[in-house]
Amino acid sequence: VHDGHEEVLARLGYCTKEKSIGVLTAEVGAGITLALRALTAGLDPSRHTVVYFFGLAGLKGFYLSLVEALGGGGGFFRAQLTAEARSLIAIETQQKKKNLVIIVDEAHQAPVELLEELRLLTNESMDSVSPFALILSGQPTLRRKLHLTALNALAQRVALRCQLKGLSLEESAGYVRHHLTRVGRSDPLFSDDAVSLIHRSSNGIPRKINNICTQSLIAGFLEKKNIIDEATAKRAVAELEAD
């Protein structure tokens, strides 16, 4: 978890404490799932109940999954599932005194009607206090989606908006060193110029760094090089861009 993640985690932690709605966006491969895992790992399970969704296709499927996650039996009809979900939320938050945190990853793919339903669930107490914290995460298109007229009410209730950025040059270099250390390589394998090129070409996105480094290692092996230099890294980037 790098410095940018630390700041985001602190802000999301505040969101879970205040039972508000937070939106987290990032480019593909920037580490949203890692950030969410770190967030949930830092929550005390004796005080928090976390329900995590990876993408949502429809209202019935959402309510069925929510009911099952909260220990309910579920049902066939959506109205039945909706009523049971609201009852289970009340039990979790009022009787068990738990802080309920609902996380929807890949929320940019969620239907508009489902996002609006989530907003209604947070509005149980006539706008006074939300019964749970809601975190919506996804690609930057999620921010644009929230500008839709149909989601105005949801957008107005969002208390926190975070953008997870790529690594800095220093963090990218540390990221590469860390992975090399994990496989037993203590001496430098990438030249400073190569690391700088990899950082620029990847915009500091961890998944892109991984791909370029892997391609660079293959190129270096074929060229029988002991050190991945800038020229080798540049050829690796060209190879990936050609794909």
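The values are calculated or read from the model by the stated rules, or taken from the named source; none is laboratory data. As the structure is a computational prediction, the values presented were derived from the model and not from experiment. Backbone-built Cβ (ideal geometry, glycine too); neighbour counts: all protein chains shown. Note: areas computed on protein heavy atoms with side chains; ligands, DNA, RNA excluded. Shrake-Rupley method; radii C 1.70, N 1.55, O 1.52, S 1.80 Å.
Taken together, the residues in the range 1-39 that are open to solvent by 50 Å² or more (accessible area, probe 1.4 Å) and either of a type in the set (Val, Ile, Thr) or within 13 Å of LYS165 (Cβ to Cβ) (or both) amount to 7.
Summed over the range 208-230, the residues that are part of a helix (DSSP H, G or I), loosely packed, with under 15 Cβ neighbours inside 10 Å and over 28 Å from the mean Cα position of the chain (by Cα) give a count of 3.
Applying the selection to the range 117-150, what residues are open to solvent by less than 70 Å² (accessible area, probe 1.4 Å) and either assigned to a strand (DSSP E or B) or charged (D, E, K, R) (or both)?
First, pick out the residues of the range 117-150 that are open to solvent by less than 70 Å² (accessible area, probe 1.4 Å): 117-123, 125, 130-142, 145-146, 150.
If the condition is that a residue be open to solvent by less than 70 Å² (accessible area, probe 1.4 Å) and either assigned to a strand (DSSP E or B) or charged (D, E, K, R) (or both), then GLU117, ARG119, PHE132, ALA133, LEU134, ILE135, LEU136, SER137, GLY138, LYS145 are the ones that fit.
The set of residues in the range 57-109 that are open to solvent by less than 30 Å² (accessible area, probe 1.4 Å), within 28 Å of GLY31 (Cα to Cα) and among the acidic types (Asp, Glu) contains only ASP105. Here the condition is being under 19 Å from the mean Cα position of the chain (by Cα), assigned to a helix (DSSP H, G or I) and touching a residue at least 60 places away in the same chain (Cβ under 8 Å); of LEU9, LEU36, it holds for LEU36 alone. Residues that are open to solvent by less than 50 Å² (accessible area, probe 1.4 Å) and outside any loop (DSSP other than H, G, I, E, B) within the range 41-56 comprise HIS48, THR49, VAL51, PHE53, listed in sequence order. Taking the stated definitions as given, is ALA153 over 14 Å from GLY22 (Cβ atoms), out of contact with any strand residue (DSSP E or B) (no Cβ under 9 Å at 6 or more places or on another chain) and either modelled with pLDDT under 95 or surrounded by 20 or more Cβ atoms within 10 Å (Cβ to Cβ) (or both)? Yes, satisfied.
Here's the yes/no breakdown for (1) under 25 Å from GLY42 (Cβ atoms); (2) without any contact (Cβ under 8 Å) to a residue 40 or more places away in the chain; (3) assigned to a loop (DSSP other than H, G, I, E, B):
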site	(1), (2), (3)
LEU81	no, yes, no
SER87	no, yes, no
THR93	yes, yes, no
VAL104	yes, no, no
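From the list LEU197, LEU114, the one residue that fits, being touching a Phe, Trp or Tyr at 6+ places or on another chain (Cβ under 8 Å), part of a helix (DSSP H, G or I) and touching a residue at least 40 places away in the same chain (Cβ under 8 Å), is LEU114.
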